[in-house]
Structure formats: C-alpha cells, structure tokens
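Novice: Okay, here's the structure, questions in a sec.
The values are calculated or read from the model by the stated rules, or taken from the named source; none is laboratory data. On a predicted model such as this, the values are computed, not experimentally measured, just so you know. Counting neighbours? That spans all protein chains shown, and the Cβs are built from the backbone with ideal geometry, glycine included.
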Amino acid sequence: MDGSTAEFLIIGGGVAGLSAAAALAPNGRTVVLEAEAATGTHSSGRSVTFSHYGIGGATVRGMTAWSRAFFLDPPDGFDALCRVTPALFVATPEMRDELGRLEAITRGLTDQVERLDDAGMAALCPVLRFGPDAITDGFVHHEGLRLDPHAMLTGYARQVRRHGGSVVTGARVAAIARTGTDWQVTTGTGERCSAPVLINAAGAWADGLAALAGVAPLGLSPLRRTVIAFDPSPGQDVRAWPFVKTATDHVYFLPDGGRLLASPVDEHPDQPGDAQPEEIDMAIAADRVMAITRLDVRRITHKWAGLRTFTADRVPVAGWATDAPGFFWLAGQGGYGLQTAPAMAQISAALITGTAWPEGLTEAGAPPAAITPNASLPPASDRAGALRAGLRPGRLTPAEDLLKARAQSGRVLPDCRPRQLVGRMPLNLQPRRGKTSGLHRSAFSGRASAGAPHSPSRTDDAAPGHMPLGH
C-alpha cells in the first residue's frame, strides 16, 4: 500500500465503511483501511443483527424498510444475507401506550402485522409469562429479518476487490495531512496512501479521527450495550422462537442456534475501545428476562458488549464536512448500522459522486436533509447537554436500583443475587468450563474475554473474532 493513490480512501472496516466502499468502487479505485487484524471487529461484529422497526426514529425506520430488498435479494457476489423471522413486541401494563404507538408505526411500513392475545403470543414463544405483573399485550411483525453480518462484510469486501479496490487490515492510522488537493494518511507502520476524498467511517473513533485530520468533531457519543448468552432448559428447542422485545427499551431476547441471547437494552457512556460488559448489566439482563418469562437463567455461558455510537439526534450522518474539502462523514450509525447499511451506502455514493438521491428513500422517510452532518450538529455550546439529554439509559426497577447501589459500593457478585430481590431463586452465573474461546473464568469476572466467541458455523476470512450477533 505504501505510496499508493486512490480516488476514495475509507477509514474503518466495519459495515459502514465496507458497504460504502462497495458502492463507490465502480466509480474509481477505493481503499479501505481497518486498524484491527480483521474487518468488523468492533460494533459490526458484536451486533445481534436483527432488523426490525422497534428502534430508531422515522428516518432510521425509512432506511430500514428501504434496505430490506437488498437483504432479501442481494446482488451477485453475496451469499444469503438474512432469514425471515417473526419479531414479537410485548408490553407490561405500563407499556401499553408505547406498544400501541409502535404497532401503528409498524403498520405504516408493512401489512405483515398482527395483534395477538395471550394464546397467540404463547404459540410463538411458549415461555412467556402473562398477567398484570408481566405481559398483557403484544403484536407480531411476521417478517422480521435475522441478518448475517459475516456474509454482509464478506460480500461487500468481495465487491470492492472485484472492482480493483483494496481492503487493508492491520492499518491503524497514525497521521492525516492535507497535501494539495489530496488527503494523505500514514499508518502506524509508516505506510502511506493518498486520495482526494477521505471518508471517515471509524465508528466510535470517528470524532478522534476527525481531530487527527484537523476537522471539527460532530460530538458523537459511544454508548455501551450488553449481551448475554445462556442455555434454555434441558430438552427445550428454542430454534423457532421469535425475536422478543418489550415495547419500551427494557429487554429483548432471541434464539441463536440452540441457545438464547438477551440484552437489557442498556446505554452507558464509554470510551472508544474494546468494550467489555459489566457485572451489574449482565445481572439486570438475566433478571429482566426472568420477569417476563418462565426461563430459569441459572448460568450465563457467554457475554460481551459493543459500542453504539450516536449523534445528538440519533440519526446517522453522511455528508461533507463544512470545514475541510474532501472530508466525508459516515458516522453515528448507533444500533442501526447493519440494518440500514444498504441505504447508507447508496446515500454516501450519491453524495460523493454527485448523482441522484437513491430512488424511493425520500418517500420512505429518509430525505437528504435528515442525513447530512449539519442536521445532526447542535450549536457547539449545547453539544454536551444535547447528548446527555437524549442518551439517558432506561429507568431501573427498584430491584435494579438496589443492584446498582451494591455495585457502586463494591458489593457485587458473586454474593449479589438479583433473583432474590424479586422473590425468586438465586442465580448461578458461572460459565461452563472447557474450550470456550479462552473464556475460563466466572461470567462475572470483568474482562474474562475480549468479546463473544467465534461462531462454529463461520469462517474468519472477513469476520471478527466475535459472535455475529446488540442492537
């Protein structure tokens, strides 16, 4: 790569960078630089990857709807990208109003929506708990999509190379300089690459990368989300279960092969880096699952965390920096990066090459004004306040308040047993011993693993060393 030139130089080998590279590659030589040893190592490789309408505002939902055609019928060079799986949204009594709003929104995007009674919900997920202290209402979107991030990353990289481009891993950026009409990027090993267009797709590192280039940051906020994995009861086949999420951001769970994944839908400010789950959030995830199901989460077998990076208004950004010619922002995908990648890639290519806005996107709810950087950039004096006001984690239950207090005082697990706080049996949160990708310590031992383990059904030619699984 040393001394090479390109038309488009993209920093960041997650799904945002690779999808944009694939869209741009037919228009000129495209180079993607990824700091890690494999593409998709951070957020893209740690996502639960379920495409649904239960997250994001109108713009995100519009891009999600628009992107479905790509997933269901991908172009040549891609393997199958998704599996149609029901998405079941449920509500406790206090969530009924929000469930009604979400159902109305979803019906505006698809006709595959059905309101269900208890029997209908139980037919889809037989372990749900019903009643005034559990689930009272629900609806199903019959055509949710379980995405395959490995197939996405591999397919996009394949398209880049097919058009003469390059995807370079282990290329951590050390310096960025403007030289004439080009941007010159120098890696930590001293290699250089130049291009007139520099695309910042660095995820949680995007603001820091901008600062390295002398470009004003957007004020992005990386938020940590936790995912746990656990086994169902012996003899229980969960493979046909739907994705289940509460109407508010309280908990979700879904099958992954013969096991289950769950998240407390948490959002904790964090620094760019190798995000790690915290004990308290894993305990809360388990407790919330047990509050709405008859599942007995006795042992967390794996756990990980990922960073979801947001703008102040939670709409992803694609557009030119106003203070640096040739510097293009592709950032703030939050928890929607995979399910909106086809739309964001075509948006980026249109803006960079000066071609028409992708057909149908405005009608779907994603007009140009909603995506450009200035639409997401509050006045400098109010950036921190806007982020704090918009990105608070969800409300904790009294039991969880007690768990949080114990965690802050240092009295955490193994003596902290959240199920006892709500009148149930204590948790046993020890992972199985054996060959679990280096995970040989307690599931609550802090940094026992660098992420989720390898999926046994996937190879590593373009995917990270993490499960292709948090929204």
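Novice: Val238: within 20 Å of Pro86 (Cα to Cα) and touching a Lys or Arg at 6+ places or on another chain (Cβ under 8 Å), yes or no?
Specialist: Details: within 20 Å of Pro86 (Cα to Cα): yes; touching a Lys or Arg at 6+ places or on another chain (Cβ under 8 Å): yes.
Taking the combined requirement at face value, the residue satisfies it.
Novice: Here is a further query. Which of the residues that make up the range 1-60 are modelled with pLDDT of 90 or more, of a type in the set (Ser, Thr, Tyr) and touching a helix residue (DSSP H, G or I) at 6+ places or on another chain (Cβ under 9 Å)?
Specialist: Ser19, Thr30, Ser51, Tyr53, Thr59
Novice: While we're on this one: Condition (residue is among the hydroxyl-bearing types (Ser, Thr, Tyr), surrounded by 15 or more Cβ atoms within 10 Å (Cβ to Cβ) and either modelled with pLDDT of 95 or more or farther than 16 Å from Ala247 by Cβ (or both)) applied to the range 140-156: is it met by at least one residue?
Specialist: Among the residues of the range 140-156, at least one is among the hydroxyl-bearing types (Ser, Thr, Tyr), surrounded by 15 or more Cβ atoms within 10 Å (Cβ to Cβ) and either modelled with pLDDT of 95 or more or farther than 16 Å from Ala247 by Cβ (or both), which makes the answer yes.
Novice: Looking at (1) farther than 23 Å from Ser67 by Cα; (2) modelled with pLDDT of 95 or more; (3) within 15 Å of the chain's Cα centre (by Cα), which one does Thr340 not meet, given that it meets all the others?
Specialist: All conditions pass for Thr340, except number (1).
Novice: Take the conditions part of a loop (DSSP other than H, G, I, E, B) and on the phi < 0 side of the Ramachandran plot and apply them to Asp133. Does it pass? I'd like the intermediate steps shown before the answer.
Specialist: Working: part of a loop (DSSP other than H, G, I, E, B): yes; on the phi < 0 side of the Ramachandran plot: yes.
Spelling it out, Asp133 is indeed part of a loop (DSSP other than H, G, I, E, B) and on the phi < 0 side of the Ramachandran plot.
Novice: For Ala16, indicate whether it is of a type in the set (A, V, I, L, M), part of a helix (DSSP H, G or I) and touching a Gly at 6+ places or on another chain (Cβ under 8 Å). Full working, then the answer.
Specialist: On the way: of a type in the set (A, V, I, L, M): yes; part of a helix (DSSP H, G or I): yes; touching a Gly at 6+ places or on another chain (Cβ under 8 Å): yes.
Taking the combined requirement at face value, the residue satisfies it.
Novice: Sticking with this structure for a sec: For residues in the range 177-188 being among the small types (Gly, Ala, Ser) and over 25 Å from Ala275 (Cβ atoms), which is surrounded by the fewest Cβ atoms within 10 Å (Cβ to Cβ)? Please lay out each step first, then the result.
Specialist: Step one: filter the range 177-188 for residues among the small types (Gly, Ala, Ser), giving 177, 180, 188.
Now restrict to residues that are over 25 Å from Ala275 (Cβ atoms): 177, 180.
Working: Ala177: 14, Gly180: 8.
That would be Gly180.
Novice: For the range 237-262, give me each residue that is of a type in the set (D, E, K, R) and either part of a strand (DSSP E or B) or surrounded by fewer than 18 Cβ atoms within 10 Å (Cβ to Cβ) (or both).
Specialist: First pass over the range 237-262, keeping only residues of a type in the set (D, E, K, R): 237, 239, 245, 249, 256, 259.
Within the range 237-262, Asp237, Arg239, Lys245, Asp256, Arg259 qualify.
Novice: Name every residue in the range 112-131 that is more than 28 Å from Pro234 (Cα to Cα) and touching a helix residue (DSSP H, G or I) at 6+ places or on another chain (Cβ under 6 Å), in order of residue number.
Specialist: Val113
Novice: Within the range 260-280, take every residue that is farther than 17 Å from Ser47 by Cβ and charged (D, E, K, R) and give me the one that is farthest from the chain's Cα centre (by Cα).
Specialist: Top of the filtered list is Glu279.
Novice: Out of the range 257-270, which residues are touching a strand residue (DSSP E or B) at 6+ places or on another chain (Cβ under 7 Å) and either farther than 19 Å from Phe310 by Cα or not charged (D, E, K, R) (or both)?
Specialist: Here is the first cut: in the range 257-270, the residues touching a strand residue (DSSP E or B) at 6+ places or on another chain (Cβ under 7 Å) are 259-270.
Of everything in the range 257-270, those that are touching a strand residue (DSSP E or B) at 6+ places or on another chain (Cβ under 7 Å) and either farther than 19 Å from Phe310 by Cα or not charged (D, E, K, R) (or both) turn out to be Arg259, Leu260, Leu261, Ala262, Ser263, Pro264, Val265, His268, Pro269.
Novice: If you take just the strands (runs of 3 or more DSSP E) that sit entirely in the range 189-236, which of them hold at least 2 residues that are under 15 Å from the mean Cα position of the chain (by Cα) and crowded, with 24+ Cβ neighbours inside 10 Å? Don't jump to the end; show me each part of the working.
Specialist: Working: elements: 192-195, 197-200, 221-230.
In the range 189-236, 221-230 are the strands (runs of 3 or more DSSP E) which contain 2 or more residues that are under 15 Å from the mean Cα position of the chain (by Cα) and crowded, with 24+ Cβ neighbours inside 10 Å.
Novice: Considering each residue of the range 46-67, count those that are surrounded by 19 or more Cβ atoms within 10 Å (Cβ to Cβ), over 16 Å from the mean Cα position of the chain (by Cα) and not β-branched (Val, Ile, Thr), and give that number.
Specialist: The initial filter retains those residues of the range 46-67 that are surrounded by 19 or more Cβ atoms within 10 Å (Cβ to Cβ), namely 46-56, 59-67.
Filter once more, keeping what is over 16 Å from the mean Cα position of the chain (by Cα): 59, 62, 65-66.
Checking the rest, the ones that are also not β-branched (Val, Ile, Thr) come to 62, 65-66.
The qualifying residues number 3.
Novice: Out of all the residues in the range 263-299, which are in a strand (DSSP E or B), in contact with a Ser or Thr (Cβ under 9 Å, 6 or more places away or on another chain) and crowded, with 21+ Cβ neighbours inside 10 Å?
Specialist: Going through the range 263-299, the residues in a strand (DSSP E or B) turn out to be 263, 268-269, 293.
Going one step further and asking which of them are in contact with a Ser or Thr (Cβ under 9 Å, 6 or more places away or on another chain), we end up with 263, 268-269.
Of everything in the range 263-299, just one residue is in a strand (DSSP E or B), in contact with a Ser or Thr (Cβ under 9 Å, 6 or more places away or on another chain) and crowded, with 21+ Cβ neighbours inside 10 Å, namely Ser263.
Novice: Are any of the residues in the range 245-257 at pLDDT 95 or above, more than 30 Å from His142 (Cβ to Cβ) and aliphatic (A, V, I, L, M)?
Specialist: No; the residues of the range 245-257 include none that is at pLDDT 95 or above, more than 30 Å from His142 (Cβ to Cβ) and aliphatic (A, V, I, L, M).
Novice: Pairs please, first residue from the range 46-60 and closer than 15 Å to Glu267 by Cα, second anywhere and among the aromatic types (Phe, Trp, Tyr) and outside any strand (DSSP E or B), Cβ atoms under 6 Å, 6+ apart in sequence or on different chains.
Specialist: Gly56/Tyr336
Novice: Right, another one. Collect the residues in the range 300-325 that are assigned to a loop (DSSP other than H, G, I, E, B) and in contact with a Phe, Trp or Tyr (Cβ under 6 Å, 6 or more places away or on another chain), keeping them in residue-number order.
Specialist: Of the range 300-325, the ones assigned to a loop (DSSP other than H, G, I, E, B) are 311-316, 321-325.
Matches in the range 300-325: Ala321 only.
Novice: Six or more apart or on different chains, Cβ atoms under 6 Å: show the pairs whose first residue is in the range 289-303 and of a type in the set (D, E, K, R) and whose second is assigned to a strand (DSSP E or B).
Specialist: Lys303/Ile228
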